[in-house]
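The values are calculated or read from the model by the stated rules, or taken from the named source; none is laboratory data. Owing to the predicted nature of the structure, the values given are computational and were not obtained by experimental measurement. Note: ideal-geometry Cβ built from the backbone for every residue, glycine included; neighbour counts use all protein chains shown.
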Amino acid sequence: MQLGRLRAARASLHTSIRAATSRPPLFHLENAAIPHAKSVGGKPAQGLSWTIEDLGKDQCWAIIGPSGETGGAVRNGLRALLLGESRARRADQDRSLHAPAHRFLESEGRVPQHAIAHVSFGTRPSQSGDFVDYSTRYGSIRGEDRVTLLESLLESLGVYTGIVAQQHMRPDPLAPDDSDSASGLGLLKWPNEEAQRKAKQDAHAALVRIRETAPLLHIDEALLQRPVVALSNGQTRRARILRALASGAQLVVLDEPYTGLDPITRDDITRLFSEVHAARHPRLVLILREQDQVPSFITHALRIDDEGHIEHGRVDEVNRAPSMVYASGSYERVQANYEAGTGVGDVTQPPVVEMHNVSIEYGGVRVLNDISLTLRPGARLVLVGDNGSGKTTLLSLLLGDNPRSYALDASQLALFGAARDAPRNAHVLLQRRMGHLSPELFNAFPRRSLEAGGLTVEEAVASGFDGIFTRRKLTPERRARVHHLLRLFADVLVAHEQHSTGSAFDGVEALAESSFASLTHGSQALVLLLRAIVHRPDFVVLDEPFQGMSAKQSARAREFLDGGVVPRSDGFWLQGLTVEEQAQERAWRQKLVLVMVSHYHSEWLLSCGRLLRLQAGHAVEQL
């Protein structure tokens, strides 16, 4: 009763504030039918009534829900309504079309172009569906890939400059006044002097907006001048935030904005988000994973559970942490493992990976400074560091992807006891002994439909046997290995068409023969994780492997990877194996060398007993 009165009082207060400010709500639904939602406010109901008021710092909303299950479909449906991509129907008998939900735009008579922006922080697959060679970032960059971050940001604001202007065959409003591109000579001509004057004015205004906001996101001039293809995962995410804030949109929906960012950057971005929302420049709505910590400036939340039940209100009333299905990792756990000798490696065995005083420079800037690292069979290491600290470069050396690795002799970098350019470390041979998953690989993996010659789920997993990105004919033994792995995860792997019901595949055969491209984002990430370990490699690198996964998927993956190392009874990962196969699986897990990266300590594996922390290219902590 008291809680009901409190809510009524708050509702009355918000009504009074709205009347005083005369600001229409940002978003309003009244008895709206939300497909797949099963209840509202914890009680059976037919429709959703939900209002996002335009109250600046006094009200900022987050949608919190799973990326999979039925709840994921509800989350996607609400996002589409927020972005104006769809329009709700009323939950009455005639299902009439709901009135326009974005009340703050109604005075315009229509929704202005770019008034609402969506920024997704999920990984971005190739639009063509073909494989993309992400390793170009480490070597020479082709001319068409030399578009800088600044040029890309300006293009998103309608300003064509530098290489972008050349690609679009347009005069460059930011070029020096005495250049052909600036004056409109030759093929690149301005329509008239007034068009040239306005283009220059708009270009300089856009440049000012970008350069004023960039330092708040730790994006300096050097980073603005770096080719987009050469940005790290974390740098790319900061750039997306900068693009959104500089876009001029009145409302920005930020989808999982904290994923892939280090703790310091997350804190800085939280302060920035708080300030821009309070100033309504622009207003923000966040979409968070169920396992994310809710930032302090969020006052209200709409929470969706796995089954699609909805509850909304003040954040302290509705924010419930997801049920713990697997123990969280932590720095203290790594320390305890190190002291107990768990996950540290067998000192009696020769190293799988060894580095001694390795330094790497790009453009006169050292990104790695005298790094030494030895990983013996059984070692499980967490690589820690802020965005831009050198983690990506270090991993590229360990995987042999970086062209600089060929210039290092065996005394500096040894992979399986030999230099990178040794015959036994030829690319095709190295791929068979390594496994890898990263946001870059996720983006690069081919995603054509089956009709266009794309891969099935079985073929996608099996491509890990040879480290390729195409299909190969499978032996009975290899097919059995793939099907064993798929059987362990079939209940949490979902296709887009199943997303609305949260159902899994009806049997392993149906899952194996389905299209990889048809899977949801989280299910694709899980399949590529299975690809990284299907061949029981000696060395595995997992860089932010749980991005896009639901809490259930990431928990299942972590339990699987910990199996055989963390002291516990035999787990699900042995189900369906013969006694001989179980022994083989245990032996492989005991000798596997694993390196993982995650900015969330809770996602660290419980089996990790080694740690390397980088800061500005230096090793500042090592266990």
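General observations
- Cross-chain or 6+ apart pairs with Cβ under 9 Å, region 209-222 first and under 15 Å from GLY388 (Cα atoms), then part of a helix (DSSP H, G or I) and of a type in the set (Lys, Arg): LEU217/ARG238; HIS218/ARG238; ILE219/ARG238; GLU221/ARG211
Yes/no per residue for (1) among the charged types (D, E, K, R); (2) surrounded by fewer than 17 Cβ atoms within 10 Å (Cβ to Cβ); (3) at pLDDT below 90; (4) under 28 Å from SER296 (Cα atoms):
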{"position": "ARG10", "(1), (2), (3), (4)": "yes, yes, yes, yes"}
{"position": "LEU29", "(1), (2), (3), (4)": "no, no, no, yes"}
{"position": "PRO66", "(1), (2), (3), (4)": "no, no, yes, yes"}
{"position": "ARG79", "(1), (2), (3), (4)": "yes, no, no, yes"}
{"position": "GLY84", "(1), (2), (3), (4)": "no, no, yes, yes"}
{"position": "ASP94", "(1), (2), (3), (4)": "yes, yes, yes, no"}
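- Scanning region 423-478 for residues that are of a type outside the set (Lys, Arg), without any contact (Cβ under 8 Å) to a residue 60 or more places away in the chain and part of a helix (DSSP H, G or I) returns PRO423, ASN425, HIS427, VAL428, LEU429, LEU430, GLN431, GLU451, GLU458, GLU459, PRO476, GLU477.
Yes or no, residue by residue, for (1) modelled with pLDDT under 80; (2) of a type in the set (Asp, Glu); (3) crowded, with 19+ Cβ neighbours inside 10 Å; (4) in contact with an Asp or Glu (Cβ under 7 Å, 6 or more places away or on another chain):
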residue: ARG137; (1), (2), (3), (4): yes, no, yes, no
residue: SER152; (1), (2), (3), (4): no, no, no, no
residue: PRO173; (1), (2), (3), (4): no, no, yes, no
residue: ASP178; (1), (2), (3), (4): yes, yes, no, no
residue: LYS198; (1), (2), (3), (4): no, no, no, no
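- Qualifying residue in region 444-451 (condition: among the charged types (D, E, K, R), within 26 Å of LYS591 (Cα to Cα) and over 23 Å from the mean Cα position of the chain (by Cα)): no
- Apart from one condition, ASN369 fits all of (1) in contact with a strand residue (DSSP E or B) (Cβ under 7 Å, 6 or more places away or on another chain); (2) assigned to a loop (DSSP other than H, G, I, E, B); the exception is (2).
- Extreme residue, modelled with the lowest pLDDT, among residues of region 505-533 that are more than 11 Å from GLN553 (Cβ to Cβ) and hydroxyl-bearing (Ser, Thr, Tyr): SER518
- The residues of region 592-610 that are assigned to a strand (DSSP E or B) and under 23 Å from the mean Cα position of the chain (by Cα), listed by number, are LEU594, VAL595, MET596, VAL597.
- Selection of region 235-252 for residues being surrounded by 22 or more Cβ atoms within 10 Å (Cβ to Cβ) and in contact with a His (Cβ under 8 Å, 6 or more places away or on another chain) yields ARG238, LEU251, VAL252.
- Failed condition for LEU415, given (1) of a type in the set (A, V, I, L, M); (2) more than 26 Å from ALA616 (Cβ to Cβ); (3) at pLDDT 95 or above: (2)
- No other residue among VAL534, VAL527, VAL541, VAL508 is under 20 Å from GLU459 (Cα atoms) and in contact with a His (Cβ under 6 Å, 6 or more places away or on another chain) apart from VAL508.
- The number of residues in region 361-414 that are of a type in the set (Gly, Ala, Ser) and closer than 16 Å to LEU611 by Cα comes to 6.
- A single entry from LEU605, LEU592 fulfils the requirement of being of a type in the set (A, V, I, L, M), over 22 Å from GLU332 (Cα atoms), surrounded by 23 or more Cβ atoms within 10 Å (Cβ to Cβ) and modelled with pLDDT of 95 or more: LEU592.
- In region 463-504, residue modelled with the lowest pLDDT [restricted to those that are more than 30 Å from PRO35 (Cα to Cα) and aromatic (Phe, Trp, Tyr)]: PHE469
- Residue match in region 342-349 (condition: among the small types (Gly, Ala, Ser) and surrounded by 14 or more Cβ atoms within 10 Å (Cβ to Cβ)): yes
- Residue ID - modelled with the lowest pLDDT, chosen from residues in region 200-228 that are under 25 Å from TYR258 (Cβ atoms) and not in a helix (DSSP H, G or I): HIS218
- Listed here are the helices (runs of 4 or more DSSP H) enclosed by region 508-580 that have at least 2 residues being polar (S, T, N, Q): 521-533, 551-562.
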